[in-house]
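Student: I have a structure I would like to understand better, so I am pasting it below and will then ask my questions one at a time.
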Amino acid sequence: MAGNQEFYWRRLHSLLGVIPVGLFLTQHLVVNHFATKGEQAFNDAAHFMESLPFRIFLEVFVIYLPLLFHAIYGLYIAFTAKNNTSRFGFFRNWMFMLQRISGVITLVFVAWHVWETRLAAAFGAEVNFQMMEEILGSPFMFAFYVIGVISAIFHFANGLWSFFVSWGITVTPRSQLISTYVTIGLFVVLSIIGIRALVAFI
Amino acid sequence: MAENKTVRFIITRQDTPDSAPYEEEFVLPYRTNMNVISALMEIRRNPVNAKGEKTVPISWDMNCLEEVCGACSMVINGKPRQSCTALVDQLEQPIRLAPMKTFTVVRDLQVDRSRMFDSLKRVKAWIPIDGTYDLGPGPRMPEKKRQWAYELSKCMTCGVCLEACPNVNSKSDFIGPAPLSQVRLFNAHPTGEMNKAERLEAIMGDGGLANCGNSQNCVQSCPKGIPLTTSIAALNRDTSIQAFKNFFGSDQV
């Protein structure tokens with residue numbers, strides 16, 4: 001990094017991962033959950049999100065720019081680590097490695113997912129229940145989506161744990177342990193929401 | 001029967017900093033209460049490898065022999081630790097010795113830890129009390145705080161935490177946990193506190209605090225049980241506040 005700005009880039013990376021990217025992920029999973037209430041409910045919810053005013057600005061500043069920065073800087077962080085779980089098999093060291101692996105998987109998944117849905121919409125396709133039904137009809141794509149959704153949720157939940165440490169919120173080992181349990185809970189809850197929505201499309 | 005008992009060592013050797021490492025095996029007669037250093041001394045006394053060939057004695061660092069200087073750190077059966085307190089009776093055989101590759105290998109098991117001392121200089125891990133006149137006594141330190149700070153002062157710059165950290169490597173310039181925790185120590189001192197901002201700004205530079213990826217291997221590996229990750233999290237809070245002060249301004253030092 002040029003100059004002496006690494007501290008600020010890292011903190012920005014940590015912040016953007018939670019606000020807005022993590023919040024957007026949660027909101028997206030919750031809206032998807034309408035699929036469990038049937039085709040009409042999902043289409044209404046998707047249409048509402050699509051028809052939000054200033055949509056393109058919301059997308060650029062809440063999703064695209066923060067996500068792009070987080071992804072590109074995150075790749076740089078991931079590839080400067082030398083993982084050593086074989087020599088140091090501690091829980092947090094595994095989480096450290098999984099955070100990097102899940103980040104890369106999520107990036108591949110999100111890139112494909114944006115291409116298949118949002119960019120397709122920009123080229124005239126309609127994003128609705130039927131579109132997802134067709135995508136997830138293929139067992140390969142369904143598996144790809146399950147892996148992608150789970151790794152995105154893991155990356156968010158574990159990243160939230162690191163966020164609390166990186167900003168100096170959880171300092172003592174005890175607070176960090178409790179935050180581990182809380183973020184595991186978040187992982188489980190969001191995973192149930194995410195998988196239920198995926199299953200609803202098939 | 002007891003006289004025939006032996007100890008096997010497989011040692012990673014390297015002749016110069018740039019040459020390729022290779023392994024050499026040694027079989028030594030067992031003695032009670034043997035530690036890794038006494039075994040290395042035995043090899044030095046009679047430098048013959050397991051094949052019966054005469055070889056060059058192994059080069060390693062040591063000093064205090066009671067786990068307070070940090071000089072004799074090496075990787076023993078995969079774990080970085082001090083060789084003076086590595087008792088042969090407690091180790092699985094063959095005992096594998098290797099240098100801590102995070103550092104430049106000088107020769108065999110001897111590494112150059114000077115990057116750690118450079119980091120201590122960089123983060124100003126001292127208390128400035130020199131002046132052109134007698135500054136008088138400093139503020140008193142509460143006994144309870146002194147006892148707490150003593151735990152942080154146990155750091156012997158041994159390098160085990162850097163060896164264990166996945167973010168300290170040839171691809172990154174992260175200074176590692178040890179010098180960071182020293183910033184917490186000196187910032188906690190009533191006189192050292194007067195230069196708190198200088199040290200925080202030093203660790204907010206490139207290769208500093210923000211490079212920590214929270215793998216927490218350091219705190220698990222530290223031979224002195226220093227709460228390194230608590231130090232890092234506490235410094236994360238201090239630097240958050242410092243960054244806020246720097247940007248928005250503050251009347252507080």
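Student: Across all directions of projection, what mean area in square nanometres is found for the Cα convex hull of the stretch B:2-112? Don't skip to the answer; put the middle values down first.
Tutor: Working: hull surface 27.2 nm².
That works out to 6.8 nm².
Student: What are the semi-axes of the equivalent ellipsoid for the protein assembly as shown, taken as the square roots of 5 times the Cα gyration tensor eigenvalues, largest first, in whole Å? List each step's numbers first, then the result.
Tutor: Values: eigenvalues 483, 195, 64 Å².
They are 49, 31, 18 Å, listed largest first.
Student: In whole Å, what is the distance between the alpha-carbon centres of the stretch A:4-21 and the stretch B:26-76?
Tutor: That distance is 47 Å.
Student: Quote the charge dipole size of the stretch A:6-200 about the Cα centre in Debye, to the nearest 20; the model charges only the Cβ of Lys and Arg (+1) and of Asp and Glu (-1).
Tutor: Numbers: 11 positive and 9 negative charges, 212 e Å.
Dipole magnitude for the stretch A:6-200 comes out near 1020 debye.
Student: Here's another thing I want to ask about it. Could you sort B:18-24, A:86-92, A:103-109 so that the peptide with the highest average Cβ count within 10 Å comes first and the rest follow in order? Please list the in-between numbers first.
Tutor: Working: B:18-24: 11.1, A:86-92: 15.0, A:103-109: 19.1.
Per-residue mean Cβ counts within 10 Å order the peptides as A:103-109, A:86-92, B:18-24.
Student: Where does each of A:54-67, B:28-41 land if you order them by average Cβ count within 10 Å, highest first?
Tutor: Numbers: A:54-67: 13.6, B:28-41: 16.8.
Descending packing order for the listed peptides: B:28-41, A:54-67.
Student: Right, something else. Distance between Cα centroids, the stretch A:36-88 to the stretch B:176-244: provide it in whole Å.
Tutor: 32 Å
Student: Follow-up question, since we're still on this one. Sticking with the crude label model, points 7 Å out along Cα→Cβ, report the distance from A:M141 to A:W112 in nm, one decimal please.
Tutor: 1.1 nm
Student: Please list log₁₀ I(q)/I(0) at q = 0.10, 0.17, 0.18 Å⁻¹ for the stretch B:114-248, using the Debye equation with identical point scatterers on the alpha-carbon positions.
Tutor: -0.33, -0.91, -1.01
Student: Can you list the residues, at least 5 places off or on another chain, whose amide H is less than 5 Å from the amide H of A:A125, using H built in the peptide plane?
Tutor: Hits under the 5 Å cutoff: none.
Student: Here is a further query. Spit out the partnerless Cys residues in chain B, using Cβ distances under 4.7 Å as the pairing rule.
Tutor: B:C72, B:C84, B:C155, B:C158, B:C165, B:C212, B:C222
Student: For B:K51, give me every one of the lysines with a C-alpha distance below 25 angstrom, ignoring sequence neighbours fewer than eight places off in its own chain.
Tutor: Filter leaves B:K5.
Student: Per DSSP H run of at least 4 residues, take -39500 (n - 2.57); add these up for the protein assembly as shown, divide by its residues and hand me the 222 nm value, nearest 500 deg cm²/dmol. Before the final figure, lay out the partial values.
Tutor: Details: 17 runs with 222 residues, N = 455.
So the helix-based figure for the protein assembly as shown works out to -15500 deg cm²/dmol.
Student: Which angle between 0 and 90 degrees, to the nearest 10, do you get for helix A:65-79 versus the longest principal axis of chain A when only C-alpha atoms count?
Tutor: 40 degrees
Student: Using modelled backbone amide H atoms (1.01 Å from N, in-plane), which distant-in-sequence or interchain residues come within less than 5 Å of A:F88's amide H?
Tutor: The answer is none.
Student: For chain A, find the longest principal axis of its Cα atoms and tell me its angle to the long axis of helix A:23-32, 0 to 90°, nearest 10.
Tutor: 30 degrees
Student: Scan the stretch A:101-163 for GluC sites (Glu not before Pro) in coil per DSSP, keeping those whose Cβ has at most 13 other Cβ atoms within 10 Å, and list them by number. Can you show the working numbers first?
Tutor: On the way: sites: A:E116, A:E126, A:E133, A:E134; in loops: A:E126.
Here the GluC sites (Glu not before Pro) that fit, given the DSSP loop and packing criteria, are A:E126.
Student: In addition: Which of the GluC sites (Glu not before Pro) found in the stretch B:40-138 are loop residues per DSSP with 14 or fewer other Cβ atoms within 10 Å of their Cβ?
Tutor: On the way: sites: B:E42, B:E53, B:E66, B:E67, B:E92; in loops: B:E53, B:E66, B:E67, B:E92.
Passing both the DSSP loop test and the Cβ count: B:E53, B:E66, B:E92.
Student: Give a residue-ordered list of calculated ³J(HN,Hα) values for the stretch B:22-30 (Karplus: 6.51 cos²θ - 1.76 cosθ + 1.60, θ = phi - 60°; whole Hz; x for Gly, Pro).
Tutor: 8, 9, 9, 9, 9, 10, 10, x, 6
Student: While we're here: For chain B, what is one quarter of the convex hull surface built on the Cα atoms, given in nm²? Don't skip to the end; give the middle numbers.
Tutor: On the way: hull surface 70.0 nm².
Spelled out: convex hull of the Cα atoms, projected over all directions, averaged, 17.5 nm².
Student: Share of Cα-Cα pairs in chain A beyond 23 Å, in percent?
Tutor: Numbers: 9883 of 20301 pairs.
Of all Cα-Cα pairs in chain A, 49 percent lie more than 23 Å apart.
Student: How large is ³J(HN,Hα), in whole Hz, for each residue of the stretch B:162-177 in order, when computed from phi with the Karplus curve 6.51 cos²θ - 1.76 cosθ + 1.60 and θ = phi - 60°, using x for Gly and Pro?
Tutor: Karplus values, whole Hz, x for Gly and Pro: 5, 5, 7, 6, x, 9, 9, 7, 5, 8, 10, 10, 4, 6, x, x.
Student: Here's something else I'd like to know. Filter the trypsin sites (Lys or Arg not before Pro) in the stretch B:38-124 down to the DSSP loop ones having no more than 13 other Cβ atoms within 10 Å, then list what survives. Don't skip to the answer; put the middle values down first.
Tutor: On the way: sites: B:R44, B:R45, B:K51, B:K54, B:R81, B:R96, B:K101, B:R107, B:R113, B:R115, B:K121, B:R122, B:K124; in loops: B:K51, B:K101, B:R113, B:K124.
Here the sparse-neighbourhood loop sites are B:K51.
Any read-out appearing in this document is the output of simple, stated calculations on the displayed coordinates, not a laboratory observation. Just so it is clear, the structure is predicted and the values come from calculations on it, not from any experiment. Every residue, glycine among them, receives a Cβ derived from its backbone with ideal geometry; neighbour counts consider all protein chains shown.
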